[in-house]
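No lab work stands behind these numbers, since they all come straight from the coordinates. Everything quoted here is computed from the prediction, not taken from an experiment. Cβ: placed from backbone, ideal geometry, glycine included. Neighbour counts: every protein chain shown.
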Amino acid sequence: MHPSKSIIFFTVISGTGYGIFIGLLFNVLFVEISYNLEYKLFLSLASFLMIVTGLLSSTLHLGHPERAWRAFSQWKTSWLSREGLAAVITFIPMILFYYFWIINISGYILLLILTSFFSIITIFCTGQMYASLKTIPSWNNPLVTPIYILNGITLGSLFVYSLNFYFNYNLNLFEKFIYIIILLNFLSKIIYWISVRKKSNTNIETAIGIKSNGITFFEGPHTGKNYLTTEMINTIRIQNSNLLRIVFCVLSFITPIYMINQYSSLVTDPFIIKISMIIVFVLALIGMIIERYLFFIQSKHVVGLYYGNKN
Amino acid sequence: MTELPKKTNKKLGLVIDLDICVGCHACAVNCKEWNTSGHSSPLHDVEPYGDDPTGVWFNRIHTFEVETEVKGSKTVHFPKSCLHCEDAPCVSVCPTGASYKRDEDGIVLVNAETCIGCKLCSWACPYGAREYDETAGVMKKCTLCVDKIYNENLPENERVPACVSSCPTGARSFGDLGDENSEIVKLVSEREGYNLMPEQDCKPVNKYLPPKLNKDIFKNKELKPISKDEDQDFEDWIEQVQGASE
Amino acid sequence: MINPFETKKEEVNTSPIVSDEIKKTTCYMCACRCGINVHLKDGKIRYIDGNKDHPINKGVLCAKGSAGIMQQNSPAKLTKPLLRVGERGDGNFKEIEWDEALKIATTWLSEVRNKDPKKLAFFTGRDQSQSLTGWWASKFGTCNFAAHGGFCSVNMAAAGMYTIGGSFWEFGEVDWDHTKYLLLFGCAEDHDSNPIKMGLGNLKTRKDTKFVSINPVKTGYSAIADEWLGVRPGTDGLLVHSIIYELLKANKIDWKYLERYTNSNWLVYNNPGNNNHGLFVRDENNQTLIFCKNKKKILKSSETNKKPSFFGSYKFNGINVVPAFELIAKELLKDNFKPSIVSSKTDIKENVIKRIASEIAETAFEKEIELPIEWTDLNGKKHDTMIGRPVSMHAMRGISAHSNGFDTCRLIHLLQMLIGSIDVPGGFRYKAPYPKHVVPGPKPSGHKSIPNTSYEGMPLGFPSSPEDLLTDENEKPIRIDKAFSWENPLSAHGLMHMVINNAWKGDPYEIDVLFMYMANMAWNSAMNTKETIAKLIDKDKNTGNYKIPKIIYSDAYYSETVPYADLVLPDSTYLERWDCISLLDRPISSANGAADAIRQPILEIKRDVRPFQDVLIDLGARLGLPGFINNDFTPKFPNGYIDYIINHERQPGIGPLAGWRGNGNSFGKGKVNPNQIDEYIKNGCFHNHEFSSDQSYYKFSNKSYIDLAYELGWIAKKEQIVLQIYSEEMQKFRLAAEGHGSKKPPDYMSTRIKKYFRPIPKWYPPIEDKNFQPEKYNLNAITQRPPHMYHSWGSHNAWLRQITSRNYLYISEYIAEKNKLKDNDWIWIESYYNKIKVQCRIMKGVNKLTVWTWNAIGKRKGAWNLDPNSPETEKGFLLNHIIPDLLPKREDGYNYSNSDPITGQAAWYDLKVDIYKCKENEIDGRVYPSFKTFRNKSRKNIEINTYGKQIKKIYSKNQSTKHFEYIGNKKNY
């Protein structure tokens, strides 16, 4: 599939925004921290901006962004519609949470729980939108949606972590949470990568409906390109994709774990370590963008069979 | 309706005979010609005289070489346009309801007024039957010539999709595939017409008729020389021939 | 109020008004000439579809025809007359007015006509008005006229006309409704393409039929063949030999058919060394003779109650005579035609050849069909039924474009005659006005070139003996293309492919003006394009003048040839003109009826261009050519071509159009009818005279048909058209080469004539096969026309070029493995004298020793209004660069043209090549050779084409919900 920049950006950034609530919720529920106003304002603003820019950028790839409001109507059948609706609904507890939390009104925990719930629902819808497409076997996989959610939580938590780090808040339990999330994420990813190697039951024989030991593509409808070939048929060399997978794992999984585990042994200026933790988050974000890029570029739409793609 | 109709009154669609399609592209070009001024007008071309021309087409021909058990390879020309599926995934993924299947005849259309151009329907379609029009920012697709097949301004015998009326070999048929008594359904059953990618569960209305591979209608594999003598000479042959004709 | 949860329903109005007006005319997107309906809306073309009433296409339309809108819309259209400034070939022109253009042309042409008319070489390419252009040439007084048939179809035309009085190509057809077995030789999308496609669909959907394609490449029609014989190019004749061998051996011959309709019983002198050897025995009344088995004596072949012998040796006036068939059988039963021997040369397995022969025999003799149609033969004998042998054959370019194509085609006709399947139900059928008596008149005109003097006859014709050749007293060619000379005696369509070389070389003489129409001779219509281009711009070292002094060119589009013209006369498109598709040249008849057609102007011309035929008639009048002016020197056809179409009479009562003559009721013959065109327009721009059912088969001996054909002037005598299984004409040329008669070939050509002129066809290897390092250049290289392109015309069509804007060399898996090649590798294709660099692709469905590509996809930078970096110029290529126009020098220093030695047909498909991978440093992503970009100031870039958007949508109120079922081949289900 064509790796559209706006879609990649949207899914990663808004996913991070939503994930922040999960990371925060963990701390609010299990770690005793008294957050200062600065922290609250920064976190609120950052999560809000991530979600909003993500959503806005997602409309960038639309042919008619001004008609985007129509996208809520088909929630009964369309995951995209549901995603839009869930995103909008999330804003309600989210804004209320910001308000309650910032001015310290009790009940913000309930609102945070609601926000987190709807955040996961929103990412779930995003994931399902891809996972429900039978036409793209590597997306039509039960791990796609969990990975979308885990990615969001991973990045969101790393954001919260770096922020907590900056503000010198207690990190002990949260570190374990992050270890577990990253481990889960990593395992899911590995299992996913193995499982997408399986051949799809859609192949050239079913595509043209003729059984044969060998079907080769002779000529296409055009000697040049067309919408389908540019949108659906993209390839990346296997060496490059393997390399990018490693880069992703290093940036999004290994670096955070290493830094979280080892920062105390690093002898340097504490401020630099604080900044480093922010950089760790940014690197993990870049890693996730690479992952999302691979998610698109490596996925093979079955229409490619009609253009000579091998199963 | 983004929700698919439970049942359509008719199931209009095409039947394509791969046994006689010669891959001449007539259907594809005639389709483009009708539709560029038709319901989804225009079917634009980008850089039509440039170094990388491309454009919107609703119907395309692909060619494959298929290994067969009996006759070596078989070249198969394979035309493909929208199959107007009963369980059209392009319809159910649409967030706005712009992509819909008509109750009356099952034709899948896109409402150009409400399409937001998210392209998701084109991702959901396994057959590549959707075409994004960058200039209009909306998705377009085969309309089964909805503005031709019912057009009161055309004589009745011209009210068939452009791809069907133009096809020189007669490889394309059009009709109600939901009507058990129709000729087209009989044709499909007689020729064992099939669905493309049945495992995608789209229940396409359009059917394909397979190439016939075995056609053994002859009794003998070689002729018997009139003379038994393998190296008969010419005079002997003449004698045998004349004897036979007497 | 906006409700985001509302689903807005679309109201589709299903009855938009399609057109303000439907104008019917004839397509010109290729040579098929289908009837089309042009739907006009808001002054624009809304839609073009096939005319359901039209005899050719019956409503269907191909990709090309469907892309007519984009042909009309093409920015490559020429817009004004052009006069060259600067050097030829650069593309620098100045726009001039028509008045000036016509004055220049008239001056150039009248200078020639005043001095030596033959110094005008007038050659037209894909011209569909040859009866006008040929007539113009004859009135001008130049013998140097032809259309492009010499590099296209002449082998088929000539082989047919010298054998059965009709031919394949578009002049005959398979009896699609009845045939049970079709052998299609060398046929890709080409002439008669829609009828063939319709027929194949019909045949394939009928039960118990079989379609066998004999073709090195399995695409297009061959893809749907029930059996594909991937024959090695140029060996089809040998395959046919082998099938004939099998049939003869098994006595699967239609003896009755041979006896009644062919000359196989005619007695031939067996008198070696004498001037009558091999000629038919004739009595004092010039009647051919047979030996009657019953009466045991020699009788006239026209005798009704006879039992002619096929074999034996007899005496006539003391000379040995034999029935022709004795010679034929002896020749065709030679051991070297055994399937086991033929197999290795044709790449068709022995058992396959045997099986095909067996299937042919089984179909012909055990599945005989009988139509309940009463008819009377020319002997007056009544028949209750029409018997058919439902084996049909058709052959096209794959047979024609070889140097052995003439004899290969004759062999196919011979096979057809042996099984009695010519013009019988289920077989191959003539289209009107064929069949004609063999050899049809008239003979080629043009022995003399006299200032300001016209010819009586036409430049092209059918020589029947050496006396008819156009050679001078020294046996040197008279025509610039050397047609009708000893080099290619039966070149009935001329040799357009030799004109530029010969004119440049001054062999046989220099010319003053080269006048061409619609022929891309500086590109894909030339053999050896690179050198052809060089010859067009070559100058005489002493005078500094171009060796071909003046070139006038007419075309509607900016082709690669335009920049080589000194004067360009821009033509209109096919939708802007009058045209006539006449029974006098290449009509649109079918076997069921005689039909002709017109084109009418559908659109107003909005550029400063004129239809070529109007211009030609104007020039004719300006030059004062007889026939083009009245007695008072005023133009005879002041309204141009349409005036000519209505008012011209070739013979009294016979004009360009056959329908609605006289008072509107006469067909074929009749006075000029001023309302004739209106009748044509009313009828969809064609006229079809349906034959009665008793005229539909056995036309060569069918009284009712022969009477009609004679009446209409199609044939000169009311006599049986005897199929010439034995060709006396060929023998006459052979005798001349053996030194008999008054007109003899020059010594150095005798061997060649003796080798190739045989009364009984015999396959020989394509000439290029063995001449030049056959071990090195051992692959056959051929081209096919893509079904959606007509030669060079598709690439400036916005829609068609999206289908194919570049080509690859297709190679077999065998060659790929042998040469270690992968898909998309850059390779060199090398023939014995040149090489090109292209990309290759591997395929299964091709003869293993054959490589091929689509024809005429490669374009030159700067032509056709394409971006100079288009795929057509960077990745598209022509094989033409490596196809020689001349064969290597013989010992005496003479170069024969790369043509069939009998007909002069360009031997495009004789090409032999070697292929090998490019070195790494040779790959630059571009084909080789590449030529200088034309400076074409008129080139426009169009970023986006939104044709159709401008057409307003207006709906009628009535809305139907009823659909109409359509079954592709309904009658067969």
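Computed values, structure above
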item	result
Sites A:Thr53 and B:Asp51, calculated FRET efficiency, Cβ-Cβ separation with R0 35 Å, nearest 0.05	0.45
Dipole magnitude of segment B:12-209 about its Cα centre (Cβ charges: Lys, Arg +1; Asp, Glu -1), debye to nearest 20	140 debye
Segment C:667-686 versus segment C:431-479: alpha-carbon centroid distance in Å	32 Å
Per-residue Cβ neighbour rank within 10 angstrom, fewest leading, C:Val438, B:Val241	B:Val241, C:Val438
Percentage, to the nearest whole number, of Cα pairs in segment C:431-476 over 18 Å apart	41 percent
Mean Cα-pair separation over length for chain C, i.e. relative contact order, pairs under 8 Å, 6 or more apart, %	18 percent
The protein assembly as shown - share of DSSP beta bridges that are antiparallel (%, nearest 5)	70 percent
For segment C:544-602 and segment C:1-48, distance of Cα centres in Å	30 Å
Volume of the Cα convex hull of segment C:108-262, divided per residue and given in Å³	171 Å³
Stretchable slack from C:Asn941 to C:Ile17, in nm (0.36 nm times residue separation minus alpha-carbon distance)	329.4 nm
Restraint check, B:Lys32/C:Lys24; C:Lys482/C:Lys530; C:Lys118/C:Lys889; C:Lys256/C:Lys300, Cα-Cα greater than 26 Å	C:Lys118/C:Lys889
Fewest-first ranking of C:His791, C:His447, C:His437, using other Cβ atoms within 10 Å as the exposure measure	C:His447, C:His437, C:His791
Simple Cβ-charge dipole of chain C, Lys/Arg +1 and Asp/Glu -1, about Cα centre, in debye nearest 20	940 debye
Span-rule helices in chain A, defined as complete DSSP H runs reaching 18 Å or more along the axis (Cα) with Kyte mean at least -1.0	A:5-30, A:37-60, A:79-102, A:108-131, A:144-166, A:172-195, A:270-297
Using alpha-carbon coordinates, inclination of helix B:234-245 to the longest axis of chain B, degrees	80 degrees
For the protein assembly as shown, the spread of Cα positions along each principal axis, largest first, Å	134, 78, 68
Relative contact order for chain A, counting Cα pairs under 8 Å that sit 6 or more residues apart, in percent	26 percent
Tail fraction, Cα-Cα pairs, segment C:909-965, threshold 15 Å, whole percent	81 percent
Whichever aspartates and glutamates have a C-alpha closer than 19 Å to that of C:Lys52, once near sequence neighbours (fewer than 8 apart) are set aside	B:Glu33, B:Glu152, B:Glu156, B:Glu158, C:Glu21, C:Asp177, C:Asp192, C:Asp596, C:Glu679, C:Glu690, C:Glu965
Computed [θ] at 222 nm, helices only, for the protein assembly as shown once each DSSP H run of length n ≥ 4 contributes -39500 (n - 2.57)	-9500 deg cm²/dmol
Tilt relative to chain B, helix B:26-35 - C-alpha long axis, 0 to 90 degrees, to 10	20 degrees
Part-to-part distance (alpha-carbon centres) for segment C:739-806 and segment C:100-151, which is given in Å	27 Å
Length-normalised contact order of segment C:172-430 in % [C-alpha pairs under 8 Å, at least 6 apart]	27 percent
Rg ratio (alpha-carbon, reference 2.2 N^0.38 Å) - chain C	0.93
Values of log10 I(q)/I(0), in the order q = 0.09, 0.13 Å⁻¹, for segment B:12-209 under a Debye, Cα-only, solvent-free model	-0.34, -0.72
Distance violations [Cα-Cα > 18 Å] among C:Lys197/C:Lys970; A:Lys134/B:Lys203; B:Lys224/C:Lys252; B:Lys207/C:Lys218	B:Lys207/C:Lys218
Size of segment A:155-233 as Cα extents on the principal axes (Å, biggest first)	64, 28, 13
Cβ-based exposure ranking for B:Tyr49, C:Tyr777, C:Tyr181, in which fewest neighbours within 10 Å come first	C:Tyr777, B:Tyr49, C:Tyr181
